[in-house]
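**Student:** Let me give you the structure first, and then I'll get to my questions.
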Number of protein chains: 2
Amino acid sequence: MPLRESELIRRIRRSARASRNRVVVAGIGDDCAILRTTPGCDSLVTTDFSIEGTHFRREWHPGNAVGHRCLARGLSDIAAMGGEPRAAFLSLAIPGKLPRQWVDKFLAGLLHLARRHKVELAGGDISSAPVICADICVVGEVPRGTWLPRSGARPGDSIFVTGTLGAAAAVLQALRAGEPVSPRSRGARQHFYPEPRIAVGQYLRDRGLATAAIDVSDGFSTDLNHICQESKVAAVVHEHSLPRPTPANWLRHTSALHLALHGGDDYELLFTAPPAARIPRTICGVRVTRVGEIISGRPQILLMDSHGQRKALTPGGWQAFSE
Amino acid sequence: MPLRESELIRRIRRSARASRNRVVVAGIGDDCAILRTTPGCDSLVTTDFSIEGTHFRREWHPGNAVGHRCLARGLSDIAAMGGEPRAAFLSLAIPGKLPRQWVDKFLAGLLHLARRHKVELAGGDISSAPVICADICVVGEVPRGTWLPRSGARPGDSIFVTGTLGAAAAVLQALRAGEPVSPRSRGARQHFYPEPRIAVGQYLRDRGLATAAIDVSDGFSTDLNHICQESKVAAVVHEHSLPRPTPANWLRHTSALHLALHGGDDYELLFTAPPAARIPRTICGVRVTRVGEIISGRPQILLMDSHGQRKALTPGGWQAFSE
């Protein structure tokens, strides 16, 4: 049964109350939400689309996974800055005939993740569109001047990534090939319910360990290229050190290396740290792997094989308009 | 010629630099934008969709009008809180084959309005979708605790509106009837290039004149109903005092009263003020009209005709899902 706008707003408003925090002075119910930054902090703002047909498909992705991923995309950007998320704003446009049950599951998935991270759903907009179109805006905080930029990588720094690379893209390949993938199964969770690395980002920020950071949302090669561009440096990546997921059925179709390098949607953190920085192998329960080093030179990525041979790597991650 | 994502981001980044302000510490080019609230201020956040087929049509609305209205919707919410806009975040999804020229005009219209209000385009997202789907997030500021709420209207307060009501909806009716309407013509500008009432909102806030305020985006009756609901009061509206636009060709189709009461997209301010408050007839060059008063009772609107007869008015404004 389709939803009326006023009813949807009431439902969101009711469920959003569960995760109030001190930064949100007033949430849904006025022309704007009112936020009061914690003294001594800067605000972080990020927005991310989740569009049916571009970022998800209803036949592949359960509503609560779409809601989870929608918010996770924004939280992951806050994590990459070393920040703490405070408030989320959801703009949601849906086709007139979308079943109410789908919207309920979408909101449940989004709000479950919001509660876990103490993020209040503080506002947004509701509309209609031919496909489901969600835009999440997340506001976070970081102690003044301490955010992790993309632009701070220096020659000699080591390059690290959290978790593993390529599982999310491997699941997508399997779905495209028509294989059944259970959303809650081991390995598939990274695609359906990615875990934003908020705690790892804060750990690095608190200890001043990272010189640059980004989240691997567009693919490792594309995101490392962003760091190289913004920091005006080059990167050498050791092919054999890239952390790949444990092989599963849906990994057999394509090269795990290709997916690790170029697959998107992993939402791991990619960061650089000076040689003297002591980076533990595990931070807040998440594995951290050294995968290369920053060198001087024009912005580019060199992939080094096990024989020490280097070749230029063209960034090949996900781009909205290339599909 | 279609645009690649990276190129579009470069173009936006370049043009956004024109309107830097002190609140935006860092804009496009990292995982998040960084904002530093002015000491003693609260932040205001609002998000608004502009979706092709729901909020505009390419055959009716030139690209720069769509860009202008997209940002105006957000600025108008900041105006209704009495705030000053600081930063905007644009999430823009477009069909792969949309001509580059359309995007250029859209951005020109949006950035022209942004510059006039010293708002920096500080971030956003780019994606593809079957129809053009823009979501604007605007962040503003207001001296701590001084925002104009929807919930402060008290029995005895007068009800005021700025400008005129119904012109935007009248233009929409004309467009639907297939009549030619020149976007820049007098009267039509309210539909194509609405002027957010930022200065009026600040005037009311600075002087502590208004007890409640909202912008008339969904239609006068719907938005006054929001004030009644949030303030837990009723309203009496004097039918003859509603400020209507100067008659134009495209006004002859429907009752001007109906459009003034229920037409949306006017982006005027609707506010309440105590009887003792001195409200000028013109604020910052904008006409202000007293249209009724707040009374005690359950939230409802009573429409009073020239004979003093009152009848209940059902809110009938624009709702996304009713079309």
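The values are calculated or read from the model by the stated rules, or taken from the named source; none is laboratory data. Fair warning: this is a prediction, and the values are worked out from it, not measured in the lab. Glycine gets a Cβ as well: all are built from the backbone with ideal geometry, and neighbour counts include every protein chain shown.
**Student:** Within segment A:16-52, track down each residue that is within 7 Å of another protein chain (Cβ to nearest Cβ), small (Gly, Ala, Ser) and part of a loop (DSSP other than H, G, I, E, B).
**Tutor:** A:29
**Student:** Out of all the residues in segment B:116-136, which are at the interface with chain A (Cβ under 9 Å from one of its Cβ atoms) and not in a strand (DSSP E or B)?
**Tutor:** Selection gives B:129, B:130, B:131.
**Student:** Taking the stated definitions as given, is residue B:117 assigned by TED's automatic domain parsing to the domain that holds residue B:63, surrounded by fewer than 24 Cβ atoms within 10 Å (Cβ to Cβ) and in contact with a Pro (Cβ under 8 Å, 6 or more places away or on another chain)?
**Tutor:** Details: assigned by TED's automatic domain parsing to the domain that holds residue B:63: yes; surrounded by fewer than 24 Cβ atoms within 10 Å (Cβ to Cβ): yes; in contact with a Pro (Cβ under 8 Å, 6 or more places away or on another chain): yes.
So residue B:117 fits the description; yes.
**Student:** Got a sec? Which of B:75, B:111 is in contact with a strand residue (DSSP E or B) (Cβ under 7 Å, 6 or more places away or on another chain), more than 14 Å from chain A (Cβ to nearest Cβ) and part of a helix (DSSP H, G or I)?
**Tutor:** Going through B:75, B:111 in turn, the sole match is B:111.
**Student:** Oh, and also: Please enumerate the residues belonging to segment A:189-220 that are small (Gly, Ala, Ser) and surrounded by 23 or more Cβ atoms within 10 Å (Cβ to Cβ). Write out each step before concluding.
**Tutor:** Let us first name the residues in segment A:189-220 that are small (Gly, Ala, Ser), namely A:199, A:201, A:208, A:210, A:212-213, A:217, A:219.
Listed by number, the residues that qualify are A:201, A:210, A:212, A:213, A:217, A:219.
**Student:** Another question, then. Looking only at residues that are part of a loop (DSSP other than H, G, I, E, B) and surrounded by fewer than 22 Cβ atoms within 10 Å (Cβ to Cβ) in segment B:143-157, which one is farthest from the other protein chains (Cβ to nearest Cβ)?
**Tutor:** Per the criteria, the residue is B:156.
**Student:** What do you reckon, is residue B:161 buried (at least 20 other Cβ atoms within 10 Å of the Cβ), within 14 Å of chain A (Cβ to nearest Cβ) and either assigned to a strand (DSSP E or B) or among the basic types (Lys, Arg) (or both)?
**Tutor:** Answer is no for this residue.
**Student:** Let me ask you something else. Looking at segment B:78-108, which of its residues are of a type in the set (Asp, Glu) and in contact with a strand residue (DSSP E or B) (Cβ under 7 Å, 6 or more places away or on another chain)?
**Tutor:** Scanning segment B:78-108 gives a single hit, B:84.
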